[in-house]
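Heads up: the structure comes next, in structure tokens.
Values quoted throughout were computed directly from the atomic coordinates according to the rules given, and no laboratory measurement underlies them. In this text the structure is predicted, and so the values were computed from the model without any measurement. For neighbour counting, all protein chains shown are included, and Cβ atoms are generated from backbone atoms with ideal geometry for every residue, glycine included.
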Amino acid sequence: MASYIFRLYFKPTSPILIGGIREGTITYFLDEGGDKIIPFSSWKGAFKRVTELVAKSYNDPILSSHLNDDHDNPPTRAEAEKIAEKICEKGCEGSELKKTDYGFLFSSGRTYTKDDVVDTISKFLAYKQCPIEGIYGSKLFAGKVVFSDSIISSSVLVQLTRTTIDRKTWTVKEGHLYTEELLLPEKVEVKVLLRNPNDKEMKLWKETLDFIERLGLQIGNGKSKGQGMLTLDMEESTFRKVEGTKISQEENIRKL
């Protein structure tokens with residue numbers, strides 16, 4: 001397997017707000033040591049939302065069961081039942097389950113029903129087989145993708161004062177003015193490391209990038225107001241392939 005290092009460039013098509021300090025009615029852009037930043041967590045969340053949308057088009061039972069960072073009735077139950085039959089031969093005491101290959105899923109001080117064991121193992125198997133969890137991680141293990149923070153060195157800074165609308169009367173609420181600090185940079189760079197993806201994960205990652213190229217990426221606060229829309233610059237974005245100690249030359253992302 002190989003790993004991939006990406007250098008992705010985005011051009012904002014609307015102002016960005018990554019909410020940082022709030023003072024009274026003013027929300028300031030996230031600031032770290034004097035630098036305005038988009039943290040890795042914002043990138044990860046934005047990319048994951050796109051990947052989950054892309055995965056909906058797959059005719060894959062594991063992906064179809066993926067729901068809200070979990071799996072609803074995953075197609076791994078039959079396999080989990082076979083495993084449970086073996087590891088629960090002496091009962092479902094946590095102390096006994098701890099001695100099995102799946103012991104890390106259970107607590108030694110608890111007693112489990114057979115259904116508890118099946119449910120726990122079934123979800124673990126779904127996590128392991130699901131390329132979404134493979135890329136972004138699950139409740140039980142870390143994912144294969146790592147995003148950098150992005151430092152915004154220069155940009156147009158805008159402070160917008162807004163009002164709050166009463167949803168019942170559709171009129172402006174009195175005393176509900178607030179101000180947001182938004183940035184409109186010329187471009188934003190993020191570095192991404194994807195470690196040893198399998199074939200399914202790589203396919204889903206490529207289709208995530210294709211989706212972002214066509215429809216853009218939205219990041220930060222104010223999605224309902226059209227804020228934080230980014231366009232992926234395919235001409236400038238690049239990748240490198242890492243195999244063992246060998247790192248390939250930087251190539252345009254279209255050659256991925």
State whether region 1-95 is rounded, prolate or oblate according to the following rule on the C-alpha gyration tensor (a ≥ b ≥ c being the square roots of its eigenvalues): a/c under 1.5 gives rounded; otherwise a/b larger than b/c gives prolate, and the remaining case gives oblate. prolate
Go ahead and set up a Gaussian network model of the chain, Cα springs under 10 Å, then flag whichever of Thr111, Thr13, Thr245 fluctuates most. Thr245
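Quote the relative contact order of the chain in percent (integer), defining contacts as alpha-carbon pairs under 8 Å separated by 6+ residues. Don't skip to the end; give the middle numbers.
Values: 465 pairs, mean separation 89.8, N = 256.
Once normalised by length, the contact order is 35 percent.
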How far is helix 114-129 tilted off the main Cα axis of the chain, in degrees rounded to 10, range 0 to 90? 50
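Determine the calculated [θ] at 222 nm for the chain from helices alone, applying -39500 (n - 2.57) to every DSSP H run no shorter than 4 residues and normalising by the residue count; nearest 500 deg cm²/dmol. Walk me through the intermediate numbers first.
Details: 7 runs with 75 residues, N = 256.
That comes out to -9000 deg cm²/dmol.
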Only one of the values (1) 0.94; (2) 1.07; (3) 1.00 was calculated from this structure for Rg/Rh (Cα atoms, Kirkwood Rh); name its label. (2)
Top positive-direction residue, dipole computed over the chain with Cβ charges, set Ser153, Thr208, Ser224: Thr208
Length gain on complete extension for the stretch Thr179 to Ser57, per 0.36 nm per residue less the alpha carbon to alpha carbon distance? 40.0 nm
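Between Asp199 and Asn73, what is 0.36 nm times their sequence separation minus the Cα-Cα distance? Round to one decimal in nm. Write out the running numbers ahead of the final one.
On the way: separation 126, 0.36 × 126 = 45.36 nm, distance 2.43 nm.
Contour length minus the Cα-Cα distance gives 42.9 nm.
Report the charge-dipole magnitude of the chain in Debye, nearest 20, computed about the Cα centre from +1 at each Lys and Arg Cβ and -1 at each Asp and Glu Cβ. All intermediate terms of the calculation are to be shown ahead of the outcome.
Working: 38 positive and 38 negative charges, 39 e Å.
Result for the chain is approximately 180 debye, rounded to the nearest 20.
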Restricting to Cα pairs below 8 Å that are 6+ residues apart, what does the relative contact order work out to for region 187-256? Please round to a whole percent. 19
